[in-house]
1. Quick one: in the range 83-107, of everything that is loosely packed, with under 11 Cβ neighbours inside 10 Å and either touching a strand residue (DSSP E or B) at 6+ places or on another chain (Cβ under 8 Å) or of a type in the set (D, E, K, R) (or both), which residue is farthest from Ile40 (Cα to Cα)?
2. Can you find a residue in the range 26-33 that is within 14 Å of the chain's Cα centre (by Cα), surrounded by 14 or more Cβ atoms within 10 Å (Cβ to Cβ) and at pLDDT below 95?
3. What are the pairs, 6+ residues apart or on separate chains, where a residue within the range 65-90 that is more than 17 Å from Asp104 (Cα to Cα) and assigned to a loop (DSSP other than H, G, I, E, B) has its Cβ under 6 Å from a residue that is modelled with pLDDT of 90 or more and of a type in the set (S, T, N, Q)?
4. Which number in (1) hydrophobic (A, V, I, L, M, F, W, C); (2) in a helix (DSSP H, G or I); (3) at pLDDT 80 or above marks the one condition that Ala59 misses?
5. Which numbered condition trips up Leu65, out of (1) modelled with pLDDT under 85; (2) within 24 Å of Thr112 (Cα to Cα); (3) of a type outside the set (D, E, K, R); (4) touching a Gly at 6+ places or on another chain (Cβ under 7 Å)?
Amino acid sequence: MRRVQPPDELVASHRRHCGRIADRFARRGEPTGIQTPEDIGRIAYVSAATISHRGTRVAFVVTRLDVPQNRYRRNLWLVNADGTGLMQLTRGDGDLEPQWSPDDRTIAFTGTRR
């Protein structure tokens, strides 16, 4: 698949939206600092954000620690470029590397399924 380099203004917008996404996940509780192992399980790490070719949506990976299972869970999420419409796309254990199809209708990714 041919990689398309988005315009600089989309890259800057992407960085702003990733910060907002991370903030949205962090706001689920009072920020009191990490005090227990369970607190680490409430942290969401946002990575591998990929802007659609048209610049209207962002697919990204959210990683969380599953404390009882002592393993990381990685799932794909999707949000509109304006920050609305946040939704979880997958519920696997190790979904990574989202890539948009040329027509922006499909997202390919690597993952593990049982």
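The values are calculated or read from the model by the stated rules, or taken from the named source; none is laboratory data. The shown structure was predicted, so the numbers you read here are calculated from the model rather than taken from an experiment. For neighbour counting, all protein chains shown are included, and Cβ atoms are generated from backbone atoms with ideal geometry for every residue, glycine included.
1. We begin by selecting, within the range 83-107, every residue loosely packed, with under 11 Cβ neighbours inside 10 Å; these are 84-85, 87-88, 91, 102-103, 105-106.
Narrowing further to those that are either touching a strand residue (DSSP E or B) at 6+ places or on another chain (Cβ under 8 Å) or of a type in the set (D, E, K, R) (or both): 85, 87-88, 91, 103, 105-106.
Working: Gly85: 26, Met87: 22, Gln88: 20, Arg91: 20, Asp103: 38, Arg105: 35, Thr106: 33 Å.
Ranking the candidates gives Asp103 first.
2. Residues of the range 26-33 that are within 14 Å of the chain's Cα centre (by Cα), as a first pass: 26.
Subset that is surrounded by 14 or more Cβ atoms within 10 Å (Cβ to Cβ): none.
No, the conditions are met nowhere in the range 26-33.
3. Sorted first by the residue in the range 65-90, then by its partner, the pairs are Thr90/Asn75.
4. (2)
5. Status for Leu65: all satisfied but (1).
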